[in-house]
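> This is the structure I have questions about; it appears just below.
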Amino acid sequence: MKSRKYIWWWVSPAAILFLLIILVPFITALTYSFRAYSFTDSTAHGQFIGVENYRKLVFDSDFYNSFKVTFLYMIPAIVFQGALGLGMALLMAGAVRRARILIPIMLLPTLLTPVVIGLVGVLILNPDFGIVGQFLFRSGLIKEAVLGSTKLALPAIIAVDSYQWTPFVAVILTAGMLGLPKEPYEAAQVDGANKWQTFIRVTMPLLWPYLVVALLIRVIDAFRIFDIIWVMTRGGPGISTETVAVYAYRHTFRFWDLGYGSALIMVIFVFISILVEYLYKALQRWQSNGSAA
Amino acid sequence: MREEFALIDTTKSEKKKERYFTNDRILRWTSYVLTLFMVLLFLFPWLWVFSLGFKTRTEILSPTIVWLWKPTLANFHEVLIVKGYWKLIINSLIIAVSAVSLCIIIGVPTAYAFSRFPIPGKESWFYMILTFRMAPAVVLALPLYIIFARLGLLGTFPAPIIAHITFTLPFVIWLMRSFFDDIPKEIDAAAMTDGYTRTGAFIHAILPLVKSGIVAVTLFSIIFSWNEFLYGLILTSDATRPVASQIPSLIRPHGTLWGEVAALATVASLPVAILIFALQRSLVRGLSFGAVKG
């Protein structure tokens, strides 16, 4: 009894703060999701309308489009970043062992302000003076500005996202490689395995948990990505690069339909919590195995 | 012991004399060179954008890329001093420092409690904390906007500071727990048998051991707060807006002053670039939410 009270003293400041600034807003959004509340429509002043917002959501094709765009961006981005990150890690591991300074240098794009990374994309792809855009335009490979094209805008975002996050995947895997135990390699050598066999049978299974964690974080990030897209295309042209987060932003802070926006973020939240549960379980399983230490 | 090492060393160097260009050696050096090339490839776009900040408008818009030019600070002067955007940097600092220091003061003891005490429903709480950390910003931005509008807080500093706490506090608790978990519980027990209370043991025995962890978590949180875009955009006014939230509005469909945008982006990136090097040893752990302790 006494010890319980004791624990409460330790966690109460954070618990109260969490309650006030995270749970209260969350519940506010939950209640607003059952109301009509819009700054652009004077008849929608907060009256209860049941599940109307959710009904509207189910029939909104733009909503499905935003999930489609999110997956169209996520899947190639993750496959590409996973493969390239693994390649880079294999290449880097030896050099990083000697020069740890390579890790912060490599991670510069990952940790830099996303808005600035988006700006790097905009400037590089600029058809007038961008170092890549100018080349693509002059050489006649493309006829329109990359970010103004419904076909090329999403690949451009994937490229910029990869510029930012491939180093992250590579560095996580490099850290994994540097921590691998020696014994399995000695055993493989004794068994006469060649380099390729060693890589497939020894390195990959040992690295697998690192790759899973890195890519799971990327999967969840795909639903968070907003800044880069907002800087590069604002979801356009049309809605061709409008991911879930951009769609939610447009309906809340551009159209000011806060009731509908609330329903929307509830759906997104449920979706994220399922993904996070997977990530969390993977992390826990891994920490209890102790292989991550 | 020392002799043994010397022995190994001589055998190795004798081998080297035999054949200097072994396959392994060539492979290793090739990988070093390729790594260097790769690092430069990733740095190049960023450096190129920086270079634009030091160019005049004609040099930027030149149909052929200008590689050699006389650097000018005119863009920096124009955007920071004449347009007064240096205030945005101060705003970013005010928001980041307030939010992060509050989260460290509150979050560190909580993380310790999560690491040591049998809190009922501990793992569910932890899972919920992570979920809110991983949700898109718009999920809390909308209700916070509604609440702050009611309270008349929109456009004041508390609005973005409170919003930044919503993602900083979960991060601090989450990552600090992994640092506390690394410290054996026997140290707490030993300090308490020495006559310290639980709080005394925490302050005198445990905190000194996680000092570097606290520094890492602080710097990481400052970077995340500095980088944040959405809350800083919708919950602030022109007087309280942080720098990251202002940059996109400088890009216009026509007549964007690219030199000034690049200059402001350069200034906004520098603190992050410096902090990354200070964080060196904890980067991997912070980015993987404590999962990888490389």
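Every number here is computed from the coordinates shown, using simple stated rules; none is lab data. Predicted model, so just to flag it, every value in this text is computed and none were measured. We place every Cβ from the backbone using ideal geometry, glycine too, and count neighbours over all the protein chains shown.
> How high is the relative contact order of the range A:43-141, given as a whole-number percent (alpha carbon pairs under 8 Å, six or more residues apart)?
7
> Can you tell me which of A:25-31, A:269-275 comes out highest on packing, and rank the rest after it, using the mean Cβ neighbours within 10 Å?
Ranked from most to least packed, the peptides come out as A:25-31, A:269-275.
> Continuing with the same structure: Please enumerate, by chain and number, the aspartates and glutamates with C-alpha under 16 Å from the C-alpha of B:Lys293, excluding those fewer than 8 residues away in the same chain.
Leaving aside aspartates and glutamates fewer than 8 places away in the same chain, those within reach of B:Lys293 are B:Asp181, B:Asp182.
> In peptide B:147-158, how many Cβ atoms from other protein chains are near each Cβ within 10 Å, on average?
Neighbouring Cβ atoms belonging to other protein chains average 1 per residue here.
> How would you rank A:Trp165, A:Trp208, going from fewest to most other Cβ atoms within 10 Å of each one's own Cβ?
A:Trp208, A:Trp165
> D for the range B:94-154, whole µm²/s, Stokes-Einstein with Kirkwood Rh over alpha-carbon pairs at 4 °C and 1.567 mPa s: what number?
93
> Is there a quick way to get the dipole size of chain B? I mean about its Cα centre, with the Cβ of Lys and Arg at +1 and of Asp and Glu at -1; what is the value in debye to the nearest 20?
It comes to approximately 360 debye.
> For the protein assembly as shown, with the dipole built from +1 on Lys and Arg beta-carbon atoms and -1 on Asp and Glu ones, taken about the Cα centre, which of B:Leu144, A:Ile265, B:Ile161 lies farthest toward the positive end?
So the residue we want is B:Ile161.
> Show log10 I(q)/I(0) for the range A:13-135 at q = 0.12 Å⁻¹, two decimals, from a solvent-free Debye sum over equal Cα scatterers.
Log10 I(q)/I(0), no solvent term: -0.92.
> Still on this structure, please answer the following. Against the longest principal axis of chain A, how steep is helix A:61-98, in degrees 0 to 90 to the nearest 10, with axes from Cα atoms?
30
> Separation between the A:Thr40 and B:Leu41 pseudo-spin-labels, each 7 Å from Cα along Cα→Cβ, expressed in nm?
About 4.4 nm, to one decimal.
> Let me ask something else. Using every Cα-Cα pair within the protein assembly as shown, state what percent have a distance larger than 36 Å.
41
> A follow-up question, please. Rounded to the nearest 500, what is the 222 nm mean residue ellipticity of chain B from helices alone, with -39500 (n - 2.57) per DSSP H run of 4+ residues and division by all residues?
Mean residue ellipticity at 222 nm (helix-derived): -22000 deg cm²/dmol.
> Also: Let me confirm the definition first: pairs of Lys residues in chain A, 8 or more apart or on different chains, C-alpha distance under 27 Å. How many are there?
6
> Grab the eigenvalues of the alpha-carbon gyration tensor for the range A:95-229, scale each by 5, take roots, and send me the semi-axes largest first in whole angstrom.
38, 17, 15
> Turning to a different aspect of this structure: Output the relative contact order of chain A, whole-number percent, from Cα pairs under 8 angstrom with separation of 6+ residues.
Normalised by residue count, the contact order of chain A is 29 percent.
> Also, quick follow-up: Return the average number of partner chain Cβ atoms within 10 angstrom of each residue Cβ along peptide B:169-182.
1
> May I ask you to derive the FRET efficiency for A:Ile200 and B:Glu123 from their Cβ-Cβ distance with R0 = 30 Å, giving the value to the nearest 0.05?
The pair A:Ile200/B:Glu123 has a calculated efficiency of 0.25.
> Moving on to the next point. Tell me, what HN-Hα J-couplings in whole Hz come from the Karplus equation 6.51 cos²θ - 1.76 cosθ + 1.60 at θ = phi - 60° for each residue of the range A:27-40, using x for Gly and Pro?
5, 4, 4, 4, 5, 5, 5, 9, 10, 8, 8, 9, 7, 9
> Take each uninterrupted DSSP H stretch in chain B, measure its Cα extent along the helix axis, and return the ones at 30 Å or beyond whose mean Kyte-Doolittle hydropathy is at least 0.5.
Helices meeting the span and hydropathy rule in chain B are B:23-53, B:86-116, B:158-181, B:258-279.
> With +1 on each Lys and Arg Cβ and -1 on each Asp and Glu Cβ, how big is the dipole of chain A about its Cα centre, in debye rounded to the nearest 20?
660
> Evaluated at 10 °C with a viscosity of 1.306 mPa s, what Stokes-Einstein diffusion coefficient in µm²/s does the range B:204-287 have when Rh comes from the Kirkwood expression over alpha-carbon pairs?
106
> Using amide H atoms built 1.01 Å from N in the peptide plane, name the residues 5+ places from A:Arg35, or on other chains, whose amide H lies under 5 Å from its own.
A:Ile49
> While we're looking at this one, here's another question. For the range A:66-108, what Kirkwood radius comes out of the mean inverse Cα-Cα distance, in Å?
12.0
> Taking Cα atoms, how many degrees apart are the long axis of helix A:204-224 and the longest axis of chain A, rounded to 10 and kept between 0 and 90?
Result, in degrees: 20.
> Evaluate the Kirkwood expression for the hydrodynamic radius of the range B:167-216, namely the inverse of the mean inverse distance over all pairs of different C-alpha atoms, and round to one decimal in Å.
11.4
> So, with +1 on the Cβ of K and R and -1 on the Cβ of D and E, and no other charges, what is the size of the charge dipole of the protein assembly as shown about its Cα centre, to the nearest 20 debye?
Here the size comes out at about 460 debye.
> Still on this model: Multiply the residue separation of B:Lys293 and B:Lys185 by 0.36 nm, subtract the distance between their alpha-carbon atoms, and state the gained length in nm to one decimal.
Gain in length upon complete extension: 37.0 nm.
> In addition: At a Förster distance of 56 Å, what's the computed FRET efficiency of A:Trp256 paired with A:Val190, Cβ-Cβ distance as r, to 0.05?
For R0 = 56 Å, the calculated efficiency reads 0.20.
> If R₀ is 51 angstrom, what is the calculated FRET efficiency for the pair A:Phe48 and A:Leu180, using the beta carbon separation as r and rounding to 0.05?
0.30
> While we're looking at this one, here's another question. Expressed in whole Å with the largest first, what are the equivalent ellipsoid semi-axes of the range B:63-189 derived from the C-alpha gyration tensor as the square root of 5 times each eigenvalue?
Rounded to whole Å, the semi-axes are 40, 22, 15.
> Follow-up question, since we're still on this one. What is the range B:86-168's relative contact order, in percent, from Cα pairs under 8 angstrom and six or more apart in sequence?
54
> Dividing the convex hull volume of the Cα atoms of chain B by its residue count, what figure in Å³ per residue is obtained?
231
> Let me ask something else about it. Return the ratio Rg/(2.2 N^0.38 Å) for the range B:72-121, where Rg is computed over Cα atoms only.
The value comes to 2.06.
> Roughly what would the spin-label model give for A:Trp9 and B:Ala239, points 7 Å off Cα along C-beta, in nm?
For A:Trp9 paired with B:Ala239, the spin-label model returns 4.2 nm.
> If you average the C-alpha positions of the range B:142-174 and of the range A:144-216 separately, how far apart do those two centres end up, in angstrom?
37
> For the range A:53-287, what does the equivalent ellipsoid look like in terms of its semi-axes, each the square root of 5 times an eigenvalue of the Cα gyration tensor, given largest first in whole Å?
37, 25, 14
> Moving on. Can you give the calculated 222 nm mean residue ellipticity of chain A, where each DSSP H run of n ≥ 4 adds -39,500 (n - 2.57) and the sum is split over every residue, rounded to the nearest 500 deg cm²/dmol?
Helix contribution divided over all residues of chain A: -22000 deg cm²/dmol.
> Across peptide A:120-129, how many C-beta atoms of other chains are within 10 Å of each residue C-beta, on average?
Going residue by residue through A:120-129 and averaging, the value is 5.
> What is the count of Lys pairs in the range B:17-92 whose alpha carbons sit under 25 Å apart, if the two are 8 or more places apart or on different chains?
4
> Hey, what angle do you get for helix A:258-289 against the long axis of chain A, alpha-carbon based, 0 to 90 degrees rounded to 10?
The two axes meet at around 20 degrees.
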